[in-house]
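Here's the structure we're looking at; comments come further down.
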Amino acid sequence: MLLALSVSLWALVIGIRLVHVQVLGRSFFEEAGTRQSERTLNLDPRRGPILDRAGRPLAVSVDAESLYAVPQDVANAPVTAQALARALSLDAAGRREVLGKLQQKTRAFVWIQRKLDPVTARRVRELQLEGLGFLTEHRRYYPQRELLAHVLGYVGLDNEGMSGVEHAFEKDIRGRAAKVVVHTDARRRPVAQTERPSTDGAAVTLTIDERIQHIAERELERAVAETQSLAGSVVVIEPFTGEVLAMAGRPAFNPNRYNASPSSRWRNRAVSDAFEPGSIFKIVTAAAGLQESVIAPGEIVDCGNGRIEIAGNVINDHAVFDQLTFTQAVTRSSDIGMIRVAQRLGRDNFARYVRDFGFGATSGIDLPGESAGLFRPPARWSALSLPSLSFGQEIGVTALQITMAAAAVANGGYLMKPFVVRRVEDAKGRLVRETKPIVVRRVLEPSTVDALTTILQEVVTSGTGQRAALPGYRVAGKTGTAQKIDATGRYSMIDHVASFVGFTPATRPALVVLASLDTPRGPKNQGGDVAAPLFARIAEGALRVMAVPPDDAARVLHAVAVVPESLTPAAYRPRAPARPLVEPPADEPGLMPDLRGRPAREAAIAAARRGLVVELRGSGSVVAQSPEPGAEIEPGLTCLLTLGREGQP
């Protein structure tokens, strides 16, 4: 009876325990068992490509092999670690780290090194070491290396975008990670694995034109080297839409090996760094004065023989000017001339125009890290603030802000919202989102724009910006030489920022360019000496890429006839009202002629005579055209001529 009672009690205890384990604690023990027998690895998905406006790849994902180990299957950890150290080119500290991982016998899986280059992976595979294996991941690759690095950004080891477009559009570009589940037995030895495939990220198409970007970076690199500048920035904008065609900065870095460069090189100076603009800010002062009718282009301005006293402080001009017309005050960049205009405007009125042009607030560009600049409200101004602001001191602006302000003059008076991403498409090519041009506000009337454009043209033809002139094209712009603050808190007599901002062709703008150099050295280092030539070289190359015809009629015919078939011009719209480049013939005015069957040169000349911007694709004679024959046309429209040879598709 005692034995039977003992057995019964023991059976009851076992039964209760079984109920607890299998019924009451089922979920807990299942999870614990899963944790002991399974290991889940999330492998990076293939990030979507980043393309320029014509579909050229700027950032792509390539396969990369990652090395892992199963410590329990490694027979001799020290020998294996030594062999891996040689194959992976590790130092003593790296070898010790690998040895430590291989000696973790309680673990079923450890990463040794991820995303190896093909040569290194081949060296490790040739060793044929037990307990090692490879898993395929994806590594970000930038085929153009430093080109557009600040806009594109870079990707960290965990496949996450860390800056630029890579970071701003991380959710779209990243995709869904692959999941690998490794199953182990009671001794934690892998017995099987299951996988869930990844989903590729979306493709992002930029507004950037790779060819214009290359021109901007090449010329900026050259200018920084020639002038021994500390840094430089270039921004190229399509004024009617706000599309960024190029954005370059120096010093740069290679996003494929971003750790090889100091972190100070990673930031996008064009959107993150605020600087005192100096005389390029006089565009805002001049625009406000003309818009409010407090000054007229031909009105005489007293420039005080280069000296003015305000609140007990003397402000000296960069040169001695006595009586100048307002146009001359701008073209010769008289500080005191601008002070006179600002005084007529008053602080509140002037501050309103500064804000309307977008200063003191972010532009809303689709890039991370944008600075709003520095602009104090009028209530905090001193007696010297208004005069200082009139010629670009006591305010901090970004290169992008000043470019968009100039674009507002170029496009007829509208402040546009800049953007760098045109559209996002998923892995199957379906449109996820598309960016449309956005008008922020109207800041100037057409009459003001016309008057100011005429004045800014004279800056280039006879003023401080003569080195920005382009053969065959009218250029409107403004130079700037802004003193920097030194260690004592005063304006330096040596260090400054040299800039030029302008647009061309002046009467039918195709692009706006800002060129800025930080602390150039040499005997000639003013904005008109170093930044204006940089503007000219970039603008000339960009206009050639865009196939924008020159202002001179004879040059129009020549330029259109020699456009290489490999170039695909961007959209080009004249600012209304714009005069035709070449007067159309009297017969059938305003109608598109039939150019089919004509040689490319003859057809291009015929289209150019009607003021059209010609785009040639292919070689040979015209086989198709757009607009169609007989369609209504107007000067400035793009004419697409598709070329081919007889007997060829």
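The values are calculated or read from the model by the stated rules, or taken from the named source; none is laboratory data. Since the structure is predicted, the reported quantities are computational estimates derived from the model, not experimental observations. Backbone-built Cβ (ideal geometry, glycine too); neighbour counts: all protein chains shown. What goes into the accessible areas is simple: the full protein's heavy atoms, side chains included, and nothing from ligands, DNA or RNA. Shrake-Rupley method; radii C 1.70, N 1.55, O 1.52, S 1.80 Å.
Test A192 against the criterion of being modelled with pLDDT under 85, in contact with a Ser or Thr (Cβ under 6 Å, 6 or more places away or on another chain) and either open to solvent by 70 Å² or more (accessible area, probe 1.4 Å) or among the small types (G, A, S) (or both), and give yes or no.
For A192, the condition - modelled with pLDDT under 85, in contact with a Ser or Thr (Cβ under 6 Å, 6 or more places away or on another chain) and either open to solvent by 70 Å² or more (accessible area, probe 1.4 Å) or among the small types (G, A, S) (or both) - is not met.
Considering only the range 260-269, I want to know if a residue exists there that is touching a Phe, Trp or Tyr at 6+ places or on another chain (Cβ under 6 Å) and either open to solvent by less than 10 Å² (accessible area, probe 1.4 Å) or of a type in the set (K, R) (or both).
Checking the range 260-269: at least one residue is touching a Phe, Trp or Tyr at 6+ places or on another chain (Cβ under 6 Å) and either open to solvent by less than 10 Å² (accessible area, probe 1.4 Å) or of a type in the set (K, R) (or both).
With the requirement that a residue be under 15 Å from R355 (Cα atoms) and either of a type outside the set (G, A, S) or touching a Gly at 6+ places or on another chain (Cβ under 8 Å) (or both), what does the range 382-399 give you?
Correct list: L386, L389, G392, E394, I395, G396, V397, T398.
Which members of the range 390-400 meet the condition of being outside any helix (DSSP H, G or I) and closer than 24 Å to G369 by Cα?
Listed by number, the residues that qualify are G392, Q393, E394, I395, G396, V397, T398.
Please determine, by comparing only the residues of the range 584-627 that are touching a helix residue (DSSP H, G or I) at 6+ places or on another chain (Cβ under 6 Å) and in a helix (DSSP H, G or I), which one is modelled with the highest pLDDT.
Looking at residues that are touching a helix residue (DSSP H, G or I) at 6+ places or on another chain (Cβ under 6 Å) and in a helix (DSSP H, G or I), I get A604.
Which count do you get for residues in the range 417-428 that are surrounded by fewer than 19 Cβ atoms within 10 Å (Cβ to Cβ) and either under 13 Å from I365 (Cβ atoms) or among the β-branched types (V, I, T) (or both)?
1
From the list V354, V341, V314, V284, exactly one residue is within 22 Å of W381 (Cα to Cα), β-branched (V, I, T) and free of Cβ contacts under 8 Å to residues at least 24 places away in the same chain. Which is it?
V314
Table: residues versus (1) open to solvent by less than 30 Å² (accessible area, probe 1.4 Å); (2) more than 25 Å from T507 (Cα to Cα).
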residue: A600; (1), (2): yes, yes
residue: A603; (1), (2): yes, yes
residue: A607; (1), (2): yes, no
residue: L612; (1), (2): yes, no
residue: L616; (1), (2): yes, no
residue: G620; (1), (2): yes, yes
residue: A624; (1), (2): no, yes
residue: E634; (1), (2): no, no
residue: C639; (1), (2): yes, no
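Counting residues that are open to solvent by less than 10 Å² (accessible area, probe 1.4 Å) and within 26 Å of I395 (Cβ to Cβ), which strands (runs of 3 or more DSSP E) fully inside the range 429-539 reach at least 1?
Counting at least 1 such residues, we get 476-485, 491-504, 511-518.
Starting from residues that are at pLDDT 85 or above and among the acidic types (D, E), keep the ones in the range 119-160 and report whichever is nearest to A203 (Cα to Cα).
Here the answer is E160.
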